[in-house]
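First the structure, in the form of structure tokens, and then the observations on it.
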Amino acid sequence: MCIAVFLWQAHPLYPLFLLRNRDEYPSRPTEPVAWWDNGEILGGRDGLAGGTWLACSRSGKIAFVTNVAEVGKVPEPKSRGDLPVRFLESKKNPTEFAEEVVMEAHQYNGFNLILVDLSSKSMIYVTNRPKDEKALVSEVPPGIHVLSTASLDTPWPKAVRLRTNFEKFLEKHGSGELPAEEMADKLMTDATKADKTMLPGIYSVEFEHSLSSIFVEANTDQGRYGTRSISAVSVKTSGEVAFYEKYLEEESWIEHTASYVMEQTGTG
């Protein structure tokens, strides 16, 4: 059950600062963050379906997706991991691409999708499981936001905990540079589980409790399940992008960072 916290257009040095955990079965083939074949997309790649959970482009686009916790499934669904890739490969802005996604949203299992264009300072949230009859598409306002496997900023215990701890780091560092790797290490490895009375009640209590921490380690009927990668993406007003990843490979954690300067740097 993936989770992300991000700061959008609310810091003097960082138009965007993002931390994200990807939770998955270790047996699922996965390629770590790297430049893709055409050299325009930087991100991890799902070795089974070919999509991604988080990626960015040289032109200043960023996209990431989470699933939505639900019991029902769509028969023969499209791959949610294709959505970020399609956006990054397209010439469409976030709003235009969101409108395209809405037309086919019923063909996917539940998803949350964040679409960013840094050159135009645009961030759009798309979901096919809106909460309380809200719109499928909405603009994300400046500030701190948390996205888990519920609607954007839903106050599930792990989301509240992550936001609170993220805010403490921001208070500590003020308007100065943020230590991305340190924040990823301290905030995204938190294995504190929620009180069982605070769980959303979508699955069994024991299963939900095992998934209720920011960093997940759980045993399921399908085998071990948990956090496989921790990412930090920081974008500076200068257009510098740093994509840090710490990922699990054969019981060992490997760290690496890819950096580049956006082709369009109108991110001030």
Given the criteria under 30 Å from residue 27 (Cβ atoms), of a type outside the set (Asp, Glu) and within 19 Å of the chain's Cα centre (by Cα), does residue 58 qualify?
no
Which of the residues that make up region 100-121 are assigned to a helix (DSSP H, G or I) and either in contact with a His (Cβ under 6 Å, 6 or more places away or on another chain) or among the charged types (D, E, K, R) (or both)?
100, 104
Go through region 29-81 and report how many residues are closer than 23 Å to residue 189 by Cα and either buried (at least 20 other Cβ atoms within 10 Å of the Cβ) or in contact (Cβ under 8 Å) with a residue 24 or more places away in the chain (or both).
19
If residue 155 satisfies all but one of (1) in a helix (DSSP H, G or I); (2) out of contact with any Leu (no Cβ under 8 Å at 6 or more places or on another chain); (3) within 15 Å of residue 212 (Cα to Cα), what's the number of the condition it fails?
(1)
Members of region 74-93 found to be over 14 Å from residue 149 (Cβ atoms) and either small (Gly, Ala, Ser) or part of a loop (DSSP other than H, G, I, E, B) (or both), listed by number:
74, 75, 76, 77, 78, 79, 81, 90, 91, 92, 93
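Condition check ((1) surrounded by 13 or more Cβ atoms within 10 Å (Cβ to Cβ); (2) assigned to a loop (DSSP other than H, G, I, E, B)) across all residues:
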site: 183; (1), (2): yes, no
site: 190; (1), (2): yes, yes
site: 201; (1), (2): no, yes
site: 214; (1), (2): yes, yes
site: 218; (1), (2): yes, no
site: 228; (1), (2): yes, no
site: 232; (1), (2): yes, no
site: 255; (1), (2): no, no
site: 263; (1), (2): no, yes
Output the residues belonging to region 234-253 that are part of a loop (DSSP other than H, G, I, E, B) and either modelled with pLDDT of 95 or more or basic (Lys, Arg) (or both).
236, 237, 238, 239
Select, from 14, 108, the only residue that is within 27 Å of residue 161 (Cβ to Cβ) and among the hydroxyl-bearing types (Ser, Thr, Tyr).
14
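The values are calculated or read from the model by the stated rules, or taken from the named source; none is laboratory data. Bear in mind that the values here come from a model prediction, so they are computed numbers and not experimental data. Every residue, glycine as well, gets a Cβ built from its backbone with ideal geometry; the counts of neighbours run over all protein chains shown.
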